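Written out below as structure tokens is the structure these notes cover.
The values are calculated or read from the model by the stated rules, or taken from the named source; none is laboratory data. What you see is a predicted model; the values in this text were computed from it and never measured. Every residue, glycine among them, receives a Cβ derived from its backbone with ideal geometry; neighbour counts consider all protein chains shown.
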Amino acid sequence: MGISERREREKAEREQRIVGAARMLAEQDGWASVTIRRLAQEIEYSQPVLYAHFENRDAIVGAVALEGFGELAPTLRKSALKGATSRQALEDVATAYLEFAFERPAVYEAMFILPSGLRFAKSDTPHVLRETFGAMMAVVEPLCTDVEIATEAFWATLHGLAELERHGRIRSSHRKERMRHIVDMFAGRHLR
């Protein structure tokens, strides 16, 4: 291995340590606790080293978000395969999406709430974001004609439910009933 390959590997390892520390701190103490200073202390690097890898905190949040999308896309695809019907696949994906939001609240917040510098629905949208949207679109497509708009509406519905439930605005005890209503809305004849 040459010097340049070793340097690239070391750089990638440092970036992964920074992202891992940010994720861990956010999961433990919330995103407000994730500062450049605290990250530098946590991983025992100077602040300039962190800035050499990430322009600012938003860029670190973006890196955590990309990891999250890398986890969510295969989770959604796997859940879609469980459904024997298109309707069941839609419900399984919706359930998997909400479970992800509740099991990984800090990552979910990085993905969908905090400034991250990530661009959605643009020509330079990262591949992993497109993959996640594609996993949702795959279960919406058999049930709806305008698949992109319907997928955006499906995603927005799930995101709204996740945020309302995460913040105690709606009852978690009624999640299954809400899932049935969502599936009815998206699988209904009026969308065909």
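Annotations
- Residue check for His174: more than 16 Å from Asp92 (Cβ to Cβ) and touching a residue at least 40 places away in the same chain (Cβ under 8 Å): no
- The single condition among (1) assigned to a helix (DSSP H, G or I); (2) of a type outside the set (D, E, K, R); (3) loosely packed, with under 15 Cβ neighbours inside 10 Å; (4) free of Cβ contacts under 8 Å to residues at least 60 places away in the same chain that Phe102 does not satisfy is (4).
- You will find that of Leu25, Leu66, Leu81, the residue that is out of contact with any Phe, Trp or Tyr (no Cβ under 7 Å at 6 or more places or on another chain), assigned by TED's automatic domain parsing to the domain that holds Arg119 and free of Cβ contacts under 8 Å to residues at least 24 places away in the same chain is Leu81 and no other.
- Test for Leu50: is it in a helix (DSSP H, G or I) and in the same structural domain as Pro142 (by TED's automatic domain parsing): no
- Residues considered: Arg119, Arg77. Of these, the only one that is part of a loop (DSSP other than H, G, I, E, B) and basic (Lys, Arg) is Arg119.
- Elements of the type helices (runs of 4 or more DSSP H) sitting completely within the range 125-191 and holding at least 1 residues that are among the polar types (S, T, N, Q): these cover 127-140, 147-166.
- Only one of Ala94, Ala40, Ala32 that is in a helix (DSSP H, G or I) and assigned by TED's automatic domain parsing to the domain that holds His167: Ala94
- Criterion (under 18 Å from the mean Cα position of the chain (by Cα) and of a type in the set (Val, Ile, Thr)) met by exactly one of Val61, Val49, Val34: Val61
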